[in-house]
Amino acid sequence: MKFSRLFIFFLFLTLVVVSRIPFLHQPLVGEEGAFAALVVDKVPSSARSDNGLPQMFVGAIGGQPILYSFQRSIAPYILLENTAGVLVRAIGPTDTQDMILWSRISYFALFLAGVSLILWRASILLQSSIVSLFALCTPLAVGASIQPQIDGSTSVLVVALGSMLVVYSQAKRSRFLAVCGGFIIAIGRPELSLAFAASAIVLFAILCAGKTRTWLPLAFLAGLSVGTLFSIALSPTEYLLTFTTMKRVYGTDSSAVAAIARAITYVWPLWLLGSIATATAIYNRKYLFAIRPDILLILSGSLAITVGFSVSGWSGDGFPRYFISAQIGFTICLVEIFLANQVSRWFTYACTVLSMVGIYLSIVHLHQRYLDDVSITSLPGYSLKRLLSEIETSAKRSQETGQIVMEQSALWFYHPDVDFISADMGRAEAIRYLIKYKPTDLPRLAPG
């Protein structure tokens, strides 16, 4: 049966949206409160900061927010504050639940803008649409897409948009589109730039060795370089601090195998999609090197992201959101391989069946999490009732004793007048902050 492409696109886009609706009201967990404040605070953090750049909300004292450097490339945060932030501030939610709802919706909107490009491309074939639906509705994808963090919002947007521009650049033989694709990816997390730069350099070397046209990786690298310089120019200090943060992540003593094992519920679809895309690319390598190097560029960039984060052993707050951009890349590769008619009909059917099984398993997992009333994002499986109880206990303690409590950033949404510092900042860093900026308040810091 043949379906209208437009019908397939809107059907699957609707399914992606519907899969998130039950979780949009979940309380903010961990750092989510800090990133939500970036878009829901009536006054943009850039208007409060000394350098005019967005900063992270990490607490409040005397009704005044405590702002702290993101210590990362500032471009994604400027993008967030001036897109999602403008939208939410125009709506002006004041109720706590409405603020939480709109913060999640605003981040999800950026995710949706990116994946809509994939769904439209995939809608040419029903089978590729089903594979895309699986990739976009896994527990990792659902959680990352509604989480106030850059991984599931701006990172997905820049990888999806940048990759699709690379695809169209190959189809139209347009160096300009390839440059634009590289530039867009470069304004995301620096880790993305590093992964795709390595991918483009390796592809260029292989194409040179095979005496094949090399304009695509060169044009992409040019765009990547310009985008990186643009990101550095916005704030050299913040950009350089990114590598300090990366050093801290890779300096952890945790085992990479143990970290992956803990996250297996979330990353097995990533490894499945990546394995299928890689195996198919190897099988069709002659065709891809000669005709579709764009697929190889996206695939190797996604593999670099996956391997890079996997070997770090970093588990963060237990939710591996940093893998989602690679999952998006693998999805684009599979869609393009399907559309290129380089796989057998039976292989396509097998991938479709696997995807349908994956969709079913994702529904079962997410439905159980909904019934259990636990977090599907940061601290996955953490009781939301317990979270709210802890916030109320900390707020009451501060109100009764006058202490500055260490608590999750979400406390600000429920008790904006309570003095607190985000627990994610860490006690040692909180003490350093108070000594430097508010020394008279240091004795008020609650023991812990």
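The values are calculated or read from the model by the stated rules, or taken from the named source; none is laboratory data. The model shown is predicted, which means the values in this text are computed figures rather than measured ones. Positions of Cβ are generated from backbone atoms using ideal geometry, with glycine treated the same way; all protein chains shown enter the neighbour counts.
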Identify, please: which residue in region 341-388 is aliphatic (A, V, I, L, M) and in contact with an Asp or Glu (Cβ under 9 Å, 6 or more places away or on another chain) and is, among those, nearest to Tyr283 (Cα to Cα)? Leu379
Residues being in contact (Cβ under 8 Å) with a residue 40 or more places away in the chain and either touching a Leu at 6+ places or on another chain (Cβ under 9 Å) or of a type in the set (A, V, I, L, M, F, W, C) (or both): count how many of those fall in region 33-75. 23
Being in a helix (DSSP H, G or I), buried (at least 22 other Cβ atoms within 10 Å of the Cβ) and either charged (D, E, K, R) or more than 16 Å from the chain's Cα centre (by Cα) (or both) narrows Ile295, Ile305, Ile324 down to just Ile295
Testing Lys438 on (1) without any contact (Cβ under 8 Å) to a residue 60 or more places away in the chain; (2) surrounded by fewer than 21 Cβ atoms within 10 Å (Cβ to Cβ); (3) more than 21 Å from Gly316 (Cα to Cα); (4) not hydroxyl-bearing (Ser, Thr, Tyr), one condition comes back false. Which one is that? (1)
Going through region 334-351 one residue at a time, which ones are under 26 Å from the mean Cα position of the chain (by Cα) and surrounded by fewer than 20 Cβ atoms within 10 Å (Cβ to Cβ)? none
Reported set for region 330-347 where residues are assigned to a helix (DSSP H, G or I) and under 26 Å from Ser199 (Cβ atoms) is Phe330, Thr331, Ile332, Cys333, Leu334, Val335, Glu336, Ile337, Phe338, Leu339, Phe347
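Yes or no, residue by residue, for (1) at pLDDT 95 or above; (2) touching a Leu at 6+ places or on another chain (Cβ under 8 Å):
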{"residue": "Ala195", "(1), (2)": "yes, no"}
{"residue": "Ala200", "(1), (2)": "yes, yes"}
{"residue": "Leu203", "(1), (2)": "yes, yes"}
{"residue": "Ala209", "(1), (2)": "no, no"}
{"residue": "Thr214", "(1), (2)": "no, yes"}
{"residue": "Pro217", "(1), (2)": "yes, yes"}
{"residue": "Phe220", "(1), (2)": "yes, yes"}
{"residue": "Val226", "(1), (2)": "yes, no"}
{"residue": "Phe230", "(1), (2)": "yes, no"}
Could you list all residues from region 262-307 that are among the charged types (D, E, K, R) and closer than 29 Å to Cys208 by Cβ? Arg285, Lys286, Arg292, Asp294
Looking only at region 60-100, filter to residues that are aromatic (Phe, Trp, Tyr) and buried (at least 22 other Cβ atoms within 10 Å of the Cβ); which one of those is farthest from Ser145 (Cα to Cα)? Phe70
Given the residues Gly308, Gly301, which is the only one that is touching a residue at least 40 places away in the same chain (Cβ under 8 Å) and in contact with a Phe, Trp or Tyr (Cβ under 7 Å, 6 or more places away or on another chain)? Gly301
Across region 370-390, which residue is surrounded by the most Cβ atoms within 10 Å (Cβ to Cβ) among those that are assigned to a helix (DSSP H, G or I) and free of Cβ contacts under 8 Å to residues at least 40 places away in the same chain? Glu390
Restricting to region 232-256, give me the number of residues that are assigned to a helix (DSSP H, G or I) and modelled with pLDDT of 80 or more. 11
Unmet criterion (only one of (1) in contact with a Phe, Trp or Tyr (Cβ under 9 Å, 6 or more places away or on another chain); (2) farther than 18 Å from Thr154 by Cβ) for Gly62: (1)
Quick check on Tyr107: is it touching a Ser or Thr at 6+ places or on another chain (Cβ under 8 Å), modelled with pLDDT of 95 or more and under 30 Å from Phe134 (Cα atoms)? yes
The lone exception for Ala209 - which of (1) over 30 Å from Arg104 (Cβ atoms); (2) touching a residue at least 60 places away in the same chain (Cβ under 8 Å); (3) of a type in the set (Gly, Ala, Ser) it fails: (2)
Of the conditions (1) within 31 Å of the chain's Cα centre (by Cα); (2) loosely packed, with under 13 Cβ neighbours inside 10 Å; (3) assigned to a helix (DSSP H, G or I); (4) not β-branched (Val, Ile, Thr), Ser394 fails just one. Which one is it? (2)
Could you run through region 355-387 and say how many residues are of a type outside the set (Val, Ile, Thr), under 25 Å from the mean Cα position of the chain (by Cα) and farther than 20 Å from Arg262 by Cα? 8
Would you mind listing the helices (runs of 4 or more DSSP H) fully within region 1-99 where at least 3 residues are within 26 Å of Leu133 (Cα to Cα)? 5-18
